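Let me begin by presenting the structure, written as structure tokens, before commenting on it.
The values are calculated or read from the model by the stated rules, or taken from the named source; none is laboratory data. Every value quoted in this text rests on a predicted model; they were computed, and no experiment measured them. Quick reminder, even Gly has a Cβ in these numbers, built from the backbone with ideal geometry, and neighbours come from all protein chains shown. For accessibility, only protein heavy atoms count, side chains too; no ligands or nucleic acids. Shrake-Rupley method; radii C 1.70, N 1.55, O 1.52, S 1.80 Å.
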Amino acid sequence: MSLVEISDLTVAFDGTRVLHGIDLTIDKGEAVGLVGESGCGKSVTWLAALGLLPGKATVGGSVRLGDRQLVGASRAALESVRGSRIAMIFQDPSSSLNPVIRVGRQIAETVELHQGLKGKAARFEAIRLMELVGIPDAVRRFDNFPHEFSGGQNQRLMIAMALSGNPDLLVADEPTTALDATIQAQILDLLISIRAETGMAIVFISHDLGAVSQVCERVCVMYAGRIVERCSTEALFREPRHPYTRGLFDAIPRLDGGRERMVPIPGTVPQPGRLPGGCAFSPRCGHTSELCHNSLPQLAELGDGRAAACFHPIGGIAPASATGRAKVRQGATTA
Ligand SMILES: Nc1ncnc2c1ncn2[C@@H]1O[C@H](COP(=O)(O)OP(=O)(O)OP(=O)(O)O)[C@@H](O)[C@H]1O
Ligand SMILES: [Mg+2]
């Protein structure tokens, strides 16, 4: 059953489009990864969905949570959703914990806000959450300030805050990027075990395909403000279909092949106001035809439960779903 349904979500800053119509459905209890290079719109998608963008942003389209429409909803309506139905762990943890308030107090306050508990009961619940996320000696550390915790512990505290409202969906935006590999693995395990315990859905935003594969069963790949590939994690790892996704895999350093196996994608993500004509990835793609430079490929089903926005997906197009385009492919591809 779908929990959140995003359709044709668009965002512009000062008139410049950065999101070009995102369609994304999150089902109850599922974990979905959102990957793509820096600047492709991963964070903006969820900040827009939760009404957290600055006033200069223009948001269009629809974000439905059950029977509620979040785009254009009042401040009060959005506040009642944030934290209690959908919680977000932000990319920069230092922006979320207040440095001058004791950590336990901050968590207890969010518990009071979302669960209606007061005084000792809120304190008790805050300590339980600190223990749940693996803060040792939580009773004593309740009165510490954020700077008295390590980076990994601060990230755990952020997760505790996010859990304080028993959300149906946790959006974790790059929750492990600033952490070393061991702590990163611990935080991933924590997210996996909390999901198993609570049944909450997770949207996991990350550059790291490996981390995504551990947490999520489904992945959406974003490029230049669009979803360009959507499929199960297992299928994505077996055979990426969009040349951009393929490029992301090829850019991962491998333990087995030495440095020469790592092939970065040439060029960079285009600036939102300066998108090339046709497919935004075409200038960086090794599989292009005339068509790619002139027309915009839509996200289309490939016939095996996955979708890609590409005129020449790797492995071709399943004949049942797009014969017309398959012909174009034979006639026009230079790959
Ligand atoms: N407050 C803002 N004002 C103007 N432009 C913005 C603002 N926030 C984001 N953008 C632009 O929107 C685009 C998408 O940004 P977003 O933060 O969603 O990228 P991202 O995919 O999360 O990247 P990263 O992996 O670096 O976090 C970028 O071009 C960015 O410059
Ligand atoms: Mg981001």
Taking Cα pairs under 8 Å and at least six residues apart, what relative contact order does the stretch 82-240 come out at, in percent?
-> 25
Here the Cα Rg-to-2.2 N^0.38 Å ratio for the chain is 1.06
Using θ = phi - 60° and the Karplus curve 6.51 cos²θ - 1.76 cosθ + 1.60, what whole-Hz ³J(HN,Hα) does each residue of the stretch 19-32 get, with Gly and Pro shown as x?
-> 10, 10, x, 8, 10, 7, 10, 10, 7, 4, x, 8, 10, 10
With a probe of 1.4 Å, find how much accessible area the stretch 4-222 has per residue, and write the answer as a whole number in Å².
-> 42
Label model pair R102, T268: point-to-point distance (7 angstrom along the Cα→beta-carbon line) in nm is 4.7
Percent of beta bridges antiparallel (DSSP, the stretch 5-118, rounded to nearest 5) | 95
Build a GNM of the chain with springs between Cα atoms under 10 Å: which of G273, G199, G151 gets the top mean-square fluctuation?
-> G273
Along Cα→Cβ, 7 Å out, is where each label goes; now give me the distance between the ones at S193 and D304 in nm to one decimal.
-> 3.6
Let me have the 222 nm mean residue ellipticity of the chain computed from DSSP H runs of 4+ only, each contributing -39500 (n - 2.57), with the sum over all residues rounded to the nearest 500.
-> -9500 deg cm²/dmol
Charge dipole magnitude, Cβ of K and R +1, D and E -1 - the chain, Cα centre, debye nearest 20 | 420
Restricting the count to DSSP beta bridges whose residues both fall in the chain, what percent are antiparallel, rounded to a multiple of 5?
-> 60
Give the carbon-plus-sulfur fraction of the accessible surface of the chain in %, rounded to a whole number; probe 1.4 Å, heavy atoms of protein chains only.
-> 52
With θ set to phi - 60° and the Karplus curve 6.51 cos²θ - 1.76 cosθ + 1.60, what are the ³J(HN,Hα) couplings of the stretch 103-108 in order, to the nearest whole Hz, using x for Gly and Pro?
-> 4, x, 4, 4, 5, 4
Once phi is turned into ³J(HN,Hα) by the Karplus curve 6.51 cos²θ - 1.76 cosθ + 1.60 with θ = phi - 60°, what whole-Hz value does each residue of the stretch 206-216 show in order, with x for glycine and proline?
-> 7, 7, 9, 4, x, 5, 4, 5, 6, 8, 10
Residue-count net charge about V18 - beta-carbon cut-off 13 Å; Lys, Arg +1, Asp, Glu -1 | +4
Among L47, A12, G104, flag the residue with its Cα farthest along the positive direction of the charge dipole of the chain, charges on Cβ as +1 for Lys/Arg and -1 for Asp/Glu.
-> A12
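Mean separation of Cα pairs under 8 Å and 6+ residues apart, divided by the residue count of the chain: what relative contact order is that in percent?
Across the chain, relative contact order equals 18 percent.
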Per the 1/(1 + (r/R0)^6) rule, R0 = 51 Å and r from the Cβ atoms of I314 and E109, FRET efficiency to 0.05 is 0.55
Can you give the extra length, in nm with one decimal, that the chain gains between E290 and A76 once fully stretched, where that is 0.36 nm per residue apart less the Cα-Cα distance?
-> 72.1 nm
In a shell of Cβ-Cβ distance under 14 Å around A121, excluding A121 itself, what net charge do Lys and Arg (+1) and Asp and Glu (-1) give?
-> +1
Along the dipole axis of the stretch 4-222 (charges at Cβ: +1 for Lys and Arg, -1 for Asp and Glu; origin at the Cα centre), the most positive-end residue among I86, L34, I187 is I86
